[in-house]
Amino acid sequence: MVYKNILTFFLLLVLSKAGAQQVIWQPVAPGVWKGVVGRPEAYDLLKAAGATPAPGLKKMSEQDFPFSKADISGTVSDGKTYLRFPLEKEEQLFGFGLNFQTVHQRGKILQLHVDHYGGKDNGRTHAPVPFYVSSRGYGVFVNAARYISVYAGSGVRKDSKHPPVEKDRNTDKSWSSRPYSDAVELLVPAPGTEVYVFAGPTALDAVRRYNLFNGGGTLPPRWGLGFTQRVRSLFTADEVKQEADSFSVKGYPLDFIGLEPGWQSRSYPGTFEWDKTRYPDPPAFVKEMLERRIRLNLWINPYVSKSASFYKDITPYTGSHTVWVGEVPDFTIPKARDIFFGQLKKDQVDIGVSGYKIDEVDGYDYYLWPDVARFPSGLSGEQMRQTYGVLAMKNSIDLFKNKNQRTYGLVRASNAGANSYPYVLYNDYYNHEDFITALINSGYIGVLWTPEVRASKTAEEWLRRFQTVIFSPMAMINAWSSGTKPWSYPEVAAQIKELALLRMRMMPYWYSEFAKYHFEGTPVFRGMSLEPGYQVNQVNAGSSVKNNLEDNPYLEAVSKEVKDQYMAGEYLLVAPLFTGQTSRKIILPQGRWYDFYTGAYAGDGEVITVTPGLDKIPVYVKDGGIIPMMPPLLHAPKAGEKTDLEIRVYGEKPGSYRLYDDDGETFGYEKGNYDWRTIRIEKDTKGKLKGSIEPPHKKEVQSYGKITWRFMTEK
């Protein structure tokens, strides 16, 4: 074995020096292959994240390699790695990071670079994950902590197997300045890299394999899926209590409050110590809030002020450049981690703080460290830039895991490998339509994104924004600057309350869907291209749908980019409206769909136009859909607290649903302390639907009491 490893090493060395056109592949999991080109760097995205495959990956089916290995090339030249993957003519690509304006990525040129999103889909974004998935049902991931250049079917090689036809611009109106290309090409500024290929057979299967390979999706605590309010920056302890009281008095749900920079004695850079004028007794304050069933989430950015008590201790383990004159800890060094996160532990987590909002770990270039920066570990500014948000998340999670308490927070930067981290991305860009596009794209790359609500110019805009945040990973108002409350626009306050309570009622559904994300890799919020029945070639040929594209609005619609509707969990299709819209078109995939609110039939494999009014966001349920719901509580149920369960059934088709349950707060599920209960809908001898649910399989996991059934669709 030793001689074999030595031989392999020398073979890789020779091939890398020769700039070989061959990638060395080996299977690493069912339907997953690792390829090596040249000499990969010791530090990469997976090592930074500490990602390890989830057990669910082994349960997925074996699949063949999705395309010819001979059509993949990897070349090392001038200290850089050049990669080329084949593309078929009808193929569409998704992913390549958290894009805000486009879903289809074929033809794009990007540099995947952690940065604050600046308004253009050019690769500079909060999560520039170097993973893409194809409509043909496979995915590709480049495991390099570098700024990766992507040419997603935009460059035409003269040795192309399927070159475009040369055209004369003078006479041919079909001439294009962007001719067809049959390859995805990537440039990694390193002398080698690892590449992973994920098989399908469907695009959703490829995404699932990718998520499971990176540890599975996150499973938040139940309270994380409730409602959160972030208060103004300089609030005092008394003002925070008053804020919580106002929610309770007015009957609006609230599970956690976010404290912005003013909780610290100094920020930008920070001390990571309580400001004793605003919070004179932090332990008593945190305890009182927990007794009110309100958890606290604290804003930080990881840049250390000279006023911090641990400043001198951590300085030897910080980078060559500062951010806002604050020291930048090198979180790859154990001593730096011990000092920084030790402060968070003793000052905040040990007294009951439940989570963090990790800000400004993304960009801009003018305030973050430059690429010329160096860190004591030997990492470059570029490598640290690509992974700093991941490192901050990874080490903060351990603070809570050591207490056996789950957390759920916010972060401004992420990357590959962080799929299982309980953090949701956000930013200061505030375009509502683009927020929904980002939510769709998040499902392709293994991250979470929230279309948070801050402020609005009108009550209509406020309500429309609030509608979408309810159907997202985090139901949040971020009022750090505006001071807005759910009832800040009185003319829609009643509708806002109903939406917030709907979020709470749907918690059994959301919690089960996040469990599937964790155990099976299925993203909770995802684009329509991942939905069965949406693809053009799957439209029911026996229906009245015509085959001519020009005469068929459904076929025409699904051939175009759709970035304003998405799937939410197993059964729901969400189609937001934006300010100024009174109606919209919605593409319903093949299969019968029903109105979420009324159970009325909506359509089957067609484009419908709806006018829902201001009060409702259009939501539709698949035939046979089952949505478990609970009473509209003001706080998420505590561990051991039972709630009643209303099971809503849509359509006329028998179906089933797996309801997930655990204690909702600890990591007991990692030791098997959880339960799946199958809900079944069947027809009796008279053809009438009836429901049944398995009893709990574990006495210690029982969150639901009385069960009622509501069949939404009347014949």
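Convex hull volume of the C-alpha atoms in the stretch 65-108, normalised per residue: 125 Å³. Each residue of the stretch 514-525 was assigned a 3J(HN,Hα) from its phi angle through the Karplus curve 6.51 cos²θ - 1.76 cosθ + 1.60 (θ = phi - 60°); the sequence is 5, 5, 5, 4, 6, 7, 10, x, 7, x, 5, 10 Hz, with glycine and proline shown as x. Calculated over the stretch 222-504, the projected area of the Cα convex hull averaged across directions stands at 14.2 nm².
Listed by chain and number, the lysines whose C-alpha is less than 19 Å from the C-alpha of residue 306, apart from same-chain residues fewer than 8 away, are 276, 335. Projecting the Cα atoms of 180, 147, 83 onto the charge dipole of the stretch 83-189, computed from C-beta unit charges around the Cα centre, puts 147 farthest toward the positive end. Packing order of peptides 657-664, 308-315, highest average first: 657-664, 308-315 (average count of other Cβ atoms within 10 Å over each peptide's residues). Which of 497/690; 47/516; 241/671; 497/563 have a Cα-Cα distance over 31 Å? Over 31 Å apart, Cα to Cα: 497/690; 241/671. Scalar couplings 3J(HN,Hα) for the stretch 375-391, obtained by applying the Karplus form with A = 6.51, B = -1.76, C = 1.60 to θ = phi - 60°, are 10, x, 6, x, 6, 7, x, 5, 5, 5, 4, 6, 10, 5, x, 5, 5 Hz; x denotes Gly and Pro. Ranked by the mean number of other Cβ atoms within 10 Å of their residues, highest first, the peptides 349-355, 467-473 come out as 467-473, 349-355. Provide the percentage of antiparallel DSSP beta bridges, counting only those with both residues in the chain; round to the nearest 5. Approximately 75 percent, going by the DSSP bridge assignments.
If you wrap the tightest convex hull around every Cα atom of the stretch 574-715 and split its volume per residue, you get 151 Å³.
DSSP beta bridges in the stretch 626-711, what fraction antiparallel, as a percent rounded to 5?
Of all bridge pairs located within the stretch 626-711, approximately 75 percent are antiparallel.
Within the chain, all pairs of alpha-carbon atoms sorted by distance into 20 Å bins from zero give the percentages 17, 51, 29, 3. Charge dipole (Cα centre; +1 on Lys/Arg Cβ, -1 on Asp/Glu Cβ; no other charges) of the chain amounts to roughly 800 debye.
Counting helices only, and only those DSSP H runs with n ≥ 4, report the 222 nm mean residue ellipticity of the chain as the sum of -39,500 (n - 2.57) divided by its residues, in deg cm²/dmol to the nearest 500. That calculation yields -6500 deg cm²/dmol at 222 nm.
Every number in this text was worked out from the coordinates using simple rules, so none of it is lab data. These numbers come from a predicted model, not from an experiment. All Cβ positions, glycine included, derive from the backbone under ideal geometry; neighbour counts span all protein chains shown.
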